[in-house]
Amino acid sequence: MIIWNRYAQIISRNFGLDKGHLDTSIHWRTTLTYYCILFIIPLVLIPYLPGILYAYKVDYLSVIILDTLAVGLLMVAGFWPNLRISLRKFLFVAAFYVASVGFLFIIGLSGPAFLYMLAASFFCTILFPVKYAFYPAIANVIFCVIIGLLIPFEVMLWKDDPNHNIPEFIAVASNLIFLGFFASALFPKVFDLLEKSIHNERILKNQLNQRNNDLENALEKVEKKHAELETFAYSASHDLQEPLRMITAFLQQLEKKYNPLLDEKGKKYIHFATDGASRMKDMITALLEYSRVGRFDGPKTSIDLNELVENTTRLFQVAIKEKKAKIIVHPLPIVASYELPISQIFLNLIGNALKYSKPDIAPIIEISGEEKETYWEFSVKDNGIGIEKGFHERIFNLFQKLHHKKDFEGTGIGLAIVKKCVENLGGKINIESKVLIGSNFSFKIPKK
Ligand code: ADP
């Protein structure tokens, strides 16, 4: 095996196949020649060795010379360094013609001479460019004419062969010429089709590359815009805080100083204005928080989620006690990720599971996680009030609340933060929920 690999490597290097791949039919012809030579050199020994042994016994020196010449041509075609590929092809085909001439002189018309000549013309048509397709067929005609002219002169060794005669020669030669022309007409068509399909493949490849480039550029632009938008949201919400603080402060002054002068309507208006300002403050704070989360880079760290979830649930101690909640935490994996977004996800999901519980039923919250081959999968499941199917998508949007503030506190930003964190980690979040039965928020985070 090692010897074969070494041998194949030498031949391959001589054919320049180690220098990469050219998408043309020229490349395929070169590859085909490479394989022809690769296999023929060891295989040719099968007829060569017994052939010269026999020739030596019967004292046919010319057979030894012609056979050795044919094998030598193949060796040169395969092993001689720095030869042009077209010359290697020529030597390969020439070896067949030499063998053919040898058989013709020694064994005669009934031997394999014409078979080798036919094989030579087939190889010529396949290995050389299409424009030379008819050259071997024409060469066959010339050979046959020369042989035909030589027959009366009886220059061949088989002159004593009683079987050789003109009609037999005409029959064999005409078949050789017919098959030669047939191959010359047929094979180029095959290469034509191959060339076309290679050409189409190249066009498709170029188009695909172009599309990929366009897509990458578009993605880059989107990412840039996204970053700009986040910065804008951050600075806008940050800058809005100051004038809002001023409005709230003056409204409070107004209420305090001019309360006795105001009628009921005036007091109501001031109350609405203060309430609006307070809600706006909450929303701006939420927006600020939302624009801040999900910004993480640098190296990932190893996070023990059992620890992280335990610390998170500790933050809800009061609510857990009040509601007599039961938190079941199944063994969780250790993940390589960013701690901040992961803790934001669990904080919001566990907080919601506690918050949206049924009034008279103690919440049961189950947290589980599993390591799969390419990702981690987690779920936070509760037995709370559940969510109607029609709202399953909407609840992940910014400021989407399904309940009134007096029933459940909140700004409608928790799940938007969860979704942003999960997606920024390359994952996906999913919800299964039924009204009055409970909800199950599951999310996957890819390992890479
Ligand atoms: P917030 O809790 O501040 O209102 P969220 O974005 O966390 O905002 O949730 C959006 C809405 O989704 C909530 O108003 C609530 O109606 C619903 N919701 C979220 N989690 C649950 C849950 N575990 N069970 C029932 N409803 C939920």
When 242, 310 are ranked with the fewest other C-beta atoms within 10 Å first, the list becomes 242, 310
With the charge dipole of the chain built from beta-carbon charges (+1 for Lys and Arg, -1 for Asp and Glu) about the Cα centre, the Cα from 65, 400, 431 projecting farthest to the positive end belongs to 400
A correct fewest-to-most ranking of 318, 44 by other Cβ atoms within 10 Å would be 318, 44
Gyration tensor on Cα atoms of the range 1-141, a ≥ b ≥ c root eigenvalues, a/c under 1.5 rounded, else prolate if a/b beats b/c, else oblate, says oblate
Taking a straight Cα-to-Cα line shorter than 19 Å from residue 131, and setting aside same-chain aspartates and glutamates fewer than 8 residues away, one finds 192, 195
Here the net charge surrounding residue 333, from other residues whose Cβ is less than 11 Å away from its Cβ (Lys, Arg +1; Asp, Glu -1), is -2
Restricting to Cα pairs under 8 Å and 6 or more apart, the percent relative contact order of the range 1-110 works out to 27 percent
Under the rule rounded for a/c under 1.5, else prolate if a/b exceeds b/c, else oblate, using alpha carbon gyration tensor axes a ≥ b ≥ c, the range 214-301 is classed as prolate
Given unit charges at Cβ for Lys, Arg (+) and Asp, Glu (-), the dipole magnitude of the range 1-137 about its Cα centre in debye, nearest 20, is 340 debye
The chain -> Rg/Rh from Cα coords, Kirkwood Rh, value 1.40
If unit charges are put on Cβ atoms (+1 for Lys and Arg, -1 for Asp and Glu) and the dipole of the range 175-291 is taken about its Cα centre, the option from 260, 200, 285 lying farthest towards the positive end turns out to be 260
Membrane-span-like helices (DSSP H runs, Cα span along own axis at least 24 Å, mean Kyte-Doolittle at least 0.0) in the chain -> 25-43, 61-79, 85-106
For the residue 227, residue 5 Cβ pair and Förster radius 56 Å, calculated FRET efficiency rounded to 0.05 is 0.60
Computed about the Cα centre, the charge dipole of the chain from +1 Lys/Arg and -1 Asp/Glu charges at the Cβ has a magnitude in debye, to the nearest 20, of 1320 debye
GNM on the chain, Cα springs under 10 Å; top mean-square fluctuation among 382, 214, 275 goes to 275
Where a ≥ b ≥ c are root eigenvalues of the Cα gyration tensor, a/c under 1.5 meaning rounded, otherwise prolate if a/b exceeds b/c and oblate otherwise, the range 272-312 counts as oblate
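No lab work stands behind these numbers, since they all come straight from the coordinates. Computed from a prediction, not measured in an experiment: that's the story for all the values here. Please note: Cβ atoms are built from the backbone with ideal geometry, for glycine as well, and neighbour counts cover all protein chains shown.
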